[in-house]
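Trainee: Here it is, the structure in full.
Please treat every number below as a calculation from the coordinates, not as lab data. Owing to the predicted nature of the structure, the values given are computational and were not obtained by experimental measurement. Backbone-built Cβ (ideal geometry, glycine too); neighbour counts: all protein chains shown.
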Amino acid sequence: MFPWVNGFKWDVGHVVFLGAFYTVVMIVLATVVRAVLRSRRHFRAEKVDAIRWRQDFHDLPARDRRCRHELNGEVDSRLCENAFDCRSCAKHPEFERAAAARTDLPKGELFGFPMPLDRLYHRGHTWVRKEQDGTLSVGLDELGARLIGKPERLDLPEPGRHVHANGTGWSAGRNGSMVRVLAPIEGTVLATGGPDQGWYLKLKPDTPKPDTRHLLRDAEAVRWMSRELDRLQLLTTRGACPALADGGALVEDLGAALPKNEWAAVCGEMLLEP
Amino acid sequence: MAAKKPARYGMVIDLDRCTGCGACMVACAIENNVPPANPEATERTGITWMRVQRLGNGRPFPDSRAVFFPILCQQCGHHTPCVAVCPQNAVEVDAATGIVDQMPQRCLGCRYCMAACPYHARYFNWWDPAWPAGMEKTLNPDVAPRMRGVVEKCNLCHGRLHRAQAKAAAEGRREITAGEYVPACVEACPAKAITFGDLADDQSEVAQLARSEGAFRLLEKLGTESKVYYRSERPWVHQAVKSGIGKEPQRG
Amino acid sequence: MDRSYIARGLDRCATRRFLMWLLPWALLLAFGVYSAGLCLVKGLNQTNMDNRFAFGLWIFLDLTVIALGAGAFFTGFLVYILRMHELKAVINSAVVIGLVCYSGAVTVLMVDVGQPLRAWFTFWHPNVHSMLTEVTFCITCYLTVLAIEYLPLLLKNRRLRQVPSFLVFEFELHRVMYVLAGVGTFLSFFHQGSLGGLYGVLRGRPFAFREALGVWPSTFFLFVLSAAAVGPSFVLLTTWLVEKIAGHQLVERPVMQKLGRLSGVLLIVYVLLKAIDTLVWMNRTTPAEGFSPQQFYGFEPFGVWILFAEIVVFGLLPAVILLDARRRRSQAWLLTAAGFACAGVALNRFVMTIQTLALPTLPFDRFLSYWPSWQEVGTFLAVVAYGVLVYSLSYRYLILFPQERDLKAR
């Protein structure tokens, strides 16, 4: 195996065979080492949250990855190719330009379902509101709140921690399983709230004028919420087609209404955690 | 040191003289520290570096005839099947003597060489060797016994060659004389059916016999260039050998 | 109880029921380990192998299992190198099957050799002209590659992926998966081939000996081709079996049919080349060694029917069925053909090992028979049990079938 071992011969057969073997070993080792080194680099660059979101997004079924412009009716069918990060999407500005002529008036509620329009909505069912003092308030929208209901456990980030857009905002536990809620925008946590306060996080934005192009607002948000209610209906009816008899307002606490396993599956999918 | 022409030790077995007595088998086992068979051993799991096989002419009485073939490692000189296949080079053809040497210390026990050998001359240690009390005194100090799980075979009593070479060196000689080195089976045969010597030496008796009329090797067409020749002047023996495979019915 | 380890949205039975499923396999594994232990402690006299039947049940089943496990490398090649994305539905399952097949085969090999602790000798003193050396090196490397390919599956477990370092490492491994798939294909080509080469080079066994192309006998190429042909069939069969046991659909029907078609195409090419090879062997190779092919088939029960069964009944027939699109759409035809293809490859491996050794080579030789001992069967059943256990655990806690969730919603 090695030149110093008794019986080693420098002939064609030996050179070819052992050469091939050592090459294969080197390639495999190099590949693994490369993966390890790259992982360490991601760690140091604090890219963990971004990678987690990319992985989660990739694992979501197609029905959860519809582009916002499809939901708006601007395009027939389109799957998001950029993990809902419209700020870095090449196609988003094109769609925005084409849609400049929209004139419909937004409504602040959806068949009795409250939908305040003083805030911007994230696909993960959180909202962001710019406060007077320049901070950002982050909370769970009505659908999210009704999905989780009264959490048995709440893991909020400590003040001083930096959260990333599409990273983990906080986690809520119910019925024995945890679900994580996506942070809608990046910032440093100043204070934490809860379901009783009406907001969950108070963030100091990274820049004085935070970029919110990836968030939904006004009529677009209302249209999206309508589609989300449909999506929820499909999930809870376990694949059966929506029938004429379906409909009605969403219950206050879905956690209490659904069996444990189903709740975990439905909640996870609605909040974009595969 | 003058370049010595490498030897090719081999033998010619005269089938017209072999009586099938099996003395060669016994002598071989004693010389090479082959352990007594385990009580559960069968004729297919025992170790017999030398093994006498019987071949009949297939005719009924009174025309039935039999010939006995002592089968040992044929010391294949070309495309040696076992050497080619051993994964860890535990067999090699000794360049100086032409003997196919098995190294049980390196043998993994994969038995690929046993599948490769067409002469079925290789044997596996299915049990740990065990000598009954007192019998260990009969062990030959020149030959290492083997452990369970390795393959062994005839090596033309290579230990005897070393002993002869050591004796010659002690007497100040460079080379051994013919007759100083004979394997145990050759020595034991009462009918003197086996002629042993250096096939590379054209003048030796064994080389002349190997070239003689009536000498042949088993499975010549496989191209193994074995160094064990068989010789018979009876035509039916040659015919029986060429008659095909699996001709001999089950015996006892 | 273990819900938090199971991926969201997947239907898995209650923990209690799962343990009841595992129990008999664990008992079988225990029995098998005992059998293997006997062979290791008392020696190989516990088997029915002997000096004539140096290879027995274990070698035959090792070869078969490695051929069936070829689905791992072949599916990997198709997905990552040829970019057949629809097969992503089964690649995870194929990798687990491959890992189980190869690790099981290597374990049985360690029991099969007389001195397992000397296994490293092959690496230290390799005989580069021996096919078995090639097999040893390649399979060791490939097992490592398979283990590395299994790692991302493991790290994607719902609980394990919470660990940030696991998550990031899995992400990076996935990015370089195509390198591993390429290396796996290269290694598999050589060891599947060398396993065939083991018998094709045996000059002393004219029944197995074949003409060479370069340094490799024709059996080298035939084994690679048959392994690649039967890999998709075995993946197909196991997927169906898992669907039956799990009680719901895991993979879209077109994917199954695609696997069947791949098998069919490769199988028909294999059958053609095998037929040519057999004719060459009968008319040129064997007579040159002083034998005639009729001599080999004159011993019952291995008559000419075995050749016919191997090439026609279990080779040509399933190939023709699998190439017919209408037949592929019928589950019954598809599965039967896939099963026949796998049986054909098993028969081929049997012929190369057991039949080769049973046949005499000398006139005073005899045609001998061999029947495995219970220790041998037990050891092999341990591998089967181990395979079922590993696969069951992987199926429950990892995502083996990415399409499962989408199919559930339909």
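Trainee: Between B:Ala144 and B:Cys21, what is the spin-label point distance in nm, taking each point 7 Å from the Cα along the Cα→C-beta axis?
Mentor: If labels sit at B:Ala144 and B:Cys21, their model points lie 3.5 nm apart.
Trainee: Partner chain Cβ atoms within 10 Å, averaged over the residues of C:149-158 - can you pull that number for me? Intermediate values should be presented prior to the final figure.
Mentor: Working: counts 0, 0, 2, 1, 0, 0, 0, 3, 0, 4.
Shielding by partners across C:149-158 averages 1.
Trainee: While we're looking at this one, here's another question. Kindly write out, for the stretch C:133-146 in residue order, the coupling ³J(HN,Hα) from the Karplus curve 6.51 cos²θ - 1.76 cosθ + 1.60 (θ = phi - 60°), rounded to whole Hz, with x marking Gly and Pro.
Mentor: These are the phi-based 3J(HN,Hα) values: 4, 4, 4, 4, 4, 4, 5, 4, 4, 5, 4, 4, 4, 4 Hz.
Trainee: Picking from C:Met49, C:Pro301, A:Ala50, whose Cα lies most toward the positive end of the charge dipole for the protein assembly as shown (charges on Cβ: Lys, Arg +1; Asp, Glu -1)?
Mentor: Of C:Met49, C:Pro301, A:Ala50, it is A:Ala50.
Trainee: Find out how many positive minus negative residues lie around B:Asn57, taking Lys and Arg as positive, Asp and Glu as negative, among other residues whose Cβ is under 10 Å from that of B:Asn57.
Mentor: Numbers: positive: B:Arg59, B:Arg65, B:Arg234, B:Lys247; negative: B:Asp63.
Here the count lands on +3.
Trainee: Return the calculated 222 nm mean residue ellipticity for chain B, to the nearest 500 deg cm²/dmol, obtained by summing -39500 (n - 2.57) across DSSP H runs with n ≥ 4 and dividing by the residue count.
Mentor: Dividing the helical sum by the residues of chain B leaves -5500 deg cm²/dmol.
Trainee: Here's another thing I want to ask about it. Taking the simple approach of a point 7 Å from Cα along Cα-to-Cβ for both C:Arg253 and A:Asp133, what is their distance in nm?
Mentor: 6.4 nm
Trainee: Of C:Arg83, C:Arg205, C:Arg17, which has the largest mean-square fluctuation in a 10 Å C-alpha GNM of chain C?
Mentor: Fluctuation is largest for C:Arg17.
Trainee: State whether the stretch B:112-187 is rounded, prolate or oblate according to the following rule on the C-alpha gyration tensor (a ≥ b ≥ c being the square roots of its eigenvalues): a/c under 1.5 gives rounded; otherwise a/b larger than b/c gives prolate, and the remaining case gives oblate.
Mentor: Taking the square roots of the gyration eigenvalues as a ≥ b ≥ c, the stretch B:112-187 is oblate.
Trainee: I'd like to know which of B:Pro60, B:Ala84, B:Asn140 lies farthest towards the positive end of the charge dipole of chain B, counting +1 on Cβ of Lys and Arg and -1 on Cβ of Asp and Glu.
Mentor: Farthest towards the positive end: B:Pro60.
Trainee: Another question about this same structure. Helix C:331-350 versus the longest principal axis of chain C: what is the Cα-based angle in degrees, 0 to 90, to the nearest 10?
Mentor: Here the helix axis deviates by roughly 40 degrees.
Trainee: Starting at the first residue of the stretch C:271-281, write each ³J(HN,Hα) from the Karplus equation 6.51 cos²θ - 1.76 cosθ + 1.60 with θ = phi - 60°, in whole Hz, x for Gly and Pro.
Mentor: Once θ is set to phi - 60°, the couplings for the stretch C:271-281 become 4, 4, 5, 5, 4, 4, 4, 5, 5, 4, 4 Hz.
Trainee: Hey, another quick one. Among A:32-38, B:204-210, B:139-145, what's the highest-first ranking by average C-beta atoms within 10 angstrom per residue? Mind showing how you got there, number by number?
Mentor: Details: A:32-38: 15.9, B:204-210: 18.3, B:139-145: 13.4.
Highest mean packing first, the order is B:204-210, A:32-38, B:139-145.
Trainee: Next question. In whole angstrom, how far apart do the alpha carbon centroids of the stretch B:186-225 and the stretch C:237-274 sit?
Mentor: 59 Å
Trainee: Among C:265-277, C:218-230, what's the highest-first ranking by average C-beta atoms within 10 angstrom per residue?
Mentor: Ranking the peptides C:265-277, C:218-230 by packing returns C:218-230, C:265-277.
Trainee: Given the rule -39500 (n - 2.57) for each run of at least 4 DSSP H residues, summed and divided by the residues of chain A, what is its mean residue ellipticity at 222 nm, to the nearest 500 deg cm²/dmol?
Mentor: That comes out to -11000 deg cm²/dmol.
Trainee: Something else: Near the amide H of A:Ala191, under 5 Å away, which other amide H atoms are found, from residues 5 or more places off or on another chain, if H is placed in the peptide plane?
Mentor: Long-range HN contacts for A:Ala191: A:Lys202.
Trainee: I'd like the mean, over residues of B:79-86, of how many other protein chain beta carbons sit within 10 Å of each residue's own Cβ. Mind showing how you got there, number by number?
Mentor: Values: counts 3, 1, 5, 1, 3, 7, 11, 7.
That works out to 5 on average.
Trainee: Let me ask you something else. Just check the stretch A:15-64 against the gyration tensor rule for me: Cα atoms, a ≥ b ≥ c as the square roots of the eigenvalues, rounded for a/c under 1.5, and otherwise prolate or oblate depending on whether a/b exceeds b/c.
Mentor: The shape class here is oblate.
Trainee: Sticking with this structure for a sec: List the relative contact order of chain C as a percent without decimals, with contacts defined as Cα pairs under 8 Å and 6+ residues apart.
Mentor: Relative CO of chain C lands at 30 percent.
Trainee: Here is a further query. Using only Cα atoms, locate the centre of the stretch B:1-73 and the centre of the stretch C:52-83, then give the distance between them in Å, rounded to an integer.
Mentor: Using only Cα atoms, the two centres lie 41 Å from each other.
Trainee: Continuing with the same structure: For the stretch C:206-223, take each phi angle, set θ = phi - 60°, evaluate the Karplus expression 6.51 cos²θ - 1.76 cosθ + 1.60, and give the result in whole Hz per residue in order, putting x for glycine and proline.
Mentor: x, 5, 9, 5, 9, 5, 9, 10, x, 8, 10, x, 4, 4, 4, 6, 5, 5
Trainee: Sticking with this structure for a sec: Residues with beta-carbon under 12 Å from that of C:Leu87, excluding C:Leu87: net charge, scoring Lys, Arg +1 and Asp, Glu -1?
Mentor: Net of charged neighbours comes to +2.
Trainee: Can you tell which of C:Ile81, C:Ile97, C:Ile66 shows the greatest fluctuation in a Gaussian network model of chain C with Cα springs below 10 Å?
Mentor: In this elastic network of chain C, the residue with the biggest mean-square fluctuation among C:Ile81, C:Ile97, C:Ile66 is C:Ile81.
Trainee: Right, here's the next one. When the helices in chain C are scored as -39500 (n - 2.57) per DSSP H run of 4 or longer and the sum is shared across all residues, what 222 nm value do you end up with, to the nearest 500 deg cm²/dmol? Mind showing how you got there, number by number?
Mentor: Numbers: 17 runs with 263 residues, N = 410.
Rounded to the nearest 500, the figure is -21000 deg cm²/dmol.
Trainee: Modelling each spin label as a point 7 Å along the Cα-to-Cβ direction, I'd like the B:Glu233/B:Val93 distance in nm, to one decimal.
Mentor: 3.3 nm
Trainee: Out of the stretch A:1-104, which chymotrypsin sites (Phe, Trp or Tyr not before Pro) are coil in DSSP terms and have no more than 15 other C-beta atoms within 10 Å? Mind showing how you got there, number by number?
Mentor: Numbers: sites: A:Trp4, A:Phe8, A:Trp10, A:Phe17, A:Phe21, A:Tyr22, A:Phe43, A:Trp53, A:Phe57, A:Phe84, A:Phe95; in loops: A:Trp4, A:Phe8, A:Trp10, A:Phe84.
Listed in order of number, the matching sites are A:Trp4, A:Phe8, A:Trp10.
Trainee: Within 10 Å of each Cβ of C:108-119, how many other protein chain Cβ atoms are there on average? Intermediate values should be presented prior to the final figure.
Mentor: Details: counts 0, 1, 0, 0, 3, 8, 13, 12, 3, 2, 10, 4.
Taking the mean over all residues of the peptide, I get 5.
Trainee: Then there's this: FRET efficiency for B:Gln203 and B:Lys242, Cβ-Cβ distance as r, R0 = 22 Å, nearest 0.05? Please list the in-between numbers first.
Mentor: Working: r = 31 Å, r/R0 = 1.41.
After rounding to 0.05, the efficiency reads 0.10.
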